[in-house]
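Comments concern the structure below.
No value in this document is a laboratory result; all are computed from the given coordinates. Everything numeric here is computed off the predicted structure, so don't read it as measured data. Backbone-built Cβ (ideal geometry, glycine too); neighbour counts: all protein chains shown.
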Amino acid sequence: MTKRKKASSSPSRKARGAHASTTSRGSRNAARVTQSEGTPDSDPSSTPAPAATPSTSFTLAAECMVSEATSLREHLAALLDEPQPVKLDASALQRIDTASLQLIAAFVRERAGSGRAVEWHGAAPVLAIAAQLLGLTSLLELPA
């Protein structure tokens, strides 16, 4: 038997202009990663504000489904060794499947095992419900 390549009439992701920017993605399941180090003081003559603890934010897409699991895994893997706390923003999340929840749980577990923090931002009832059904609420360290 010979292997056949999957036919595709659309250009590849790279040909469509997708790039490694941390602020936008070319797919419908785009996630956003931002580096935050507090807001700079706009008036140089005023006393500087206390420095905020630097952190990295990752915004979950509205739909975290198995079709986008590879992309989610790559984004989370890039944040595993981040020394600052990683903030996971689930405020836009509307749908999540088991595969995506397992990836997120593995990410949180790996970070915790390395003594690195994960913080949740934004309420996503669908995340809380799915985590509860799968018994992952405590592992994910979801807020009450």
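How big is the charge dipole of region 67-144 about its Cα centre, in debye rounded to the nearest 20, if each Lys and Arg gets +1 on its Cβ and each Asp and Glu gets -1 on its Cβ? Mind dumping the intermediate values first?
Details: 6 positive and 9 negative charges, 27 e Å.
For region 67-144, the charge dipole is close to 120 debye.
Let me make sure I get this right: for region 64-135, a, b and c are the square roots of the gyration tensor eigenvalues over alpha carbons, sorted descending. Under 1.5 in a/c it's rounded, otherwise prolate if a/b > b/c, else oblate. Which is it? Don't skip to the answer; put the middle values down first.
Working: a/c = 1.66, a/b = 1.39, b/c = 1.20.
Taking the square roots of the gyration eigenvalues as a ≥ b ≥ c, region 64-135 is prolate.
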